[in-house]
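The values are calculated or read from the model by the stated rules, or taken from the named source; none is laboratory data. From a predicted model like this one, the values you see are computed outputs, not experimental measurements. When we count neighbours, we look across all protein chains shown, and the Cβ atoms used for this are built from the backbone with ideal geometry, even at glycine.
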Amino acid sequence: MKFLELKVPPVIVFLICLSLIWGANQWVFIEGLSFGAENWIVQIFVAIAVLIGLLGIIEFRRKSTTVNPHKPGNATTLVTTGIYTFSRNPMYTALLIVLIAGALKWGSLVGFLVLPLFIIYMNRFQIKPEETVLEEKFGEEFIFYKEDVRRWA
């Protein structure tokens, strides 16, 4: 089985990106590229993210398989039910939604530039290596699932 190329845990990547979004608000002021979002809007985004993330974790627990992103080879079951019928990576999608909430809260359009960086990094260094392991482990079942369900939803 191919080892993950991942060296930085997803939660650390998320925290770095959140810090960059916050920093963009603190240190990069460009007239016309700053705004303020209402707190209730930010709270809705965070609530949606928490719900999506929890649904992903609950589904993994129901199937008695690992949630650990560093050990996809320990997966005992390919989870394709619940929230996983809409997204192959709901927990990463939840992190992205929190980053969007941060960009809205701190109100700098420059902060939104971090979002594609997060997606690109996660696709290359987290998701693709995970998918390689899952394809080796679950074969055609994973290939068909991958064809039917989007990576990010």
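Observations
- Only one entry of VAL28, VAL11 meets the criterion of being modelled with pLDDT of 70 or more, touching a strand residue (DSSP E or B) at 6+ places or on another chain (Cβ under 8 Å) and surrounded by fewer than 15 Cβ atoms within 10 Å (Cβ to Cβ), and that entry is VAL28.
- Some residue of the range 119-133 being of a type outside the set (S, T, N, Q), assigned to a helix (DSSP H, G or I) and farther than 22 Å from ASP148 by Cα: yes
- Candidate set from the range 72-90 (those that are under 15 Å from LEU51 (Cβ atoms) and in contact (Cβ under 8 Å) with a residue 60 or more places away in the chain); member that is surrounded by the most Cβ atoms within 10 Å (Cβ to Cβ): PRO90
- Answer residue from the range 34-89, given it is under 18 Å from PRO129 (Cβ atoms) and of a type in the set (Lys, Arg) and is modelled with the highest pLDDT among those: ARG88
- Test: residue in the range 141-149 that is among the aliphatic types (A, V, I, L, M) and either closer than 21 Å to MET91 by Cβ or in contact with a strand residue (DSSP E or B) (Cβ under 7 Å, 6 or more places away or on another chain) (or both): yes
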